[in-house]
Structure formats: C-alpha cells, structure tokens
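Coordinate-derived values only; no laboratory data. Not measured: the values here are computed from a predicted model. Cβ sites come from the backbone with ideal geometry, for glycine too, and all protein chains shown count toward neighbours.
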Amino acid sequence: MTQDVPKSDLDEVPQDEGEEELEEGTEDFSEKEEPSERGHSKKKGHAEEFTFVRVKLPYRKKGEMFAIAEQLMGGSRLKIICEDGKSRLARIPGKMKKRRWIRTGDLLIIKPWEFQDEKADVVRRYTKTESSNLSRRGVIPENINVF
C-alpha cells in the first residue's frame, strides 16, 4: 500500500543546485596538474621531498685520499695538505683545468704518485655543499676537516 506522492519543485531544486556545486568544486581540483608517469610535477619550481645524490669517495685501494688546497702555485699546480698529514705538490690534469676551477680551501680527492711521494694528481674537487655534507656525515678525517 504505497501512495504516489507527487514530487514538489522544492525537492528537485536543492538536489540540482547541490550537484552543480559539487561539479564546480571537482572542476577546481581537476584543473590542478597531476604528476606525470615518472612522478615529477609539471609545475615549475615544485620540488620532490628529498633527493639523495651520490658523491664519489676516495678509492683507498688505488691510494686515493682527501686533501685540502692550501696554495695555488700557478702552471696548473697547487700545494695541498693531505689526510696523512703530508704537504704535497699537486698537479691539475688537463681535463679538469677549464671545467672545475680549484680555489684555496677546496676539498679534493688526490692520488699520490707512486715514484715521487711528495707529488700528487688531483682526481676530483668537491663543491662547498658537498664538503659540508661529507663533514656532517663524518666522512672527512678530523685533521683536514675545516668545514
């Protein structure tokens, strides 16, 4: 025993208005750019949470070690203080001369020469940010840690 009750205009209008409001609200959200397949946002300046960058460390088996640039000598040579406490004359190889400029106080990876221990070759130069991160992690020996 059901009675057919005619629907009034008041019942239909709020439902339609409510649906329109929801649709408008969802349009605002859909206008935001979604991350692409790789997880990068298309918006400029949007940063991911944290990105970990691997930094090359000295390869001890080859004799590489940390050093600090003490004085630039000219002619692509510089005086360095190594982590073993010795002061050496280091040579900047040709492929590093123009690409990575070395200044006094920079953290370096060097490889001492096998036949002359008082000389070495520069393998890599760390940026100031990389140096401070390595210092904070405790990777740099205390006798040359100036960061």
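Between Glu118 and Phe52, the FRET efficiency from the beta-carbon distance, with R0 = 30 Å, is close to 0.20. Label positions at Lys128 and Leu89, each projected 7 Å from the Cα along the C-beta direction, are separated by 3.1 nm. Distant-in-sequence amide contacts of Glu83, defined by a placed amide H-H separation under 5 Å and a gap of 5 or more residues or a different chain, comprise Phe66. Sites listed here are trypsin sites (Lys or Arg not before Pro) in the range 84-147 whose DSSP assignment is loop and whose Cβ has at most 16 other Cβ atoms within 10 Å: Lys86, Lys98, Arg99, Arg100, Arg103. Full extension of the chain between Lys62 and Lys97 gives 10.3 nm of extra length, using 0.36 nm per residue less the Cα-Cα distance. Compactness ratio for the range 60-137: Cα radius of gyration over 2.2 N^0.38 Å (N = residue count) comes to 1.02. Were the residues from Arg77 through Asn143 laid out at 0.36 nm apart, the gain over their Cα-Cα distance would be 21.5 nm.
Other residues whose C-beta falls under 10 angstrom from the C-beta of Val55 contribute a net charge of +3, scoring Lys and Arg +1 and Asp and Glu -1.
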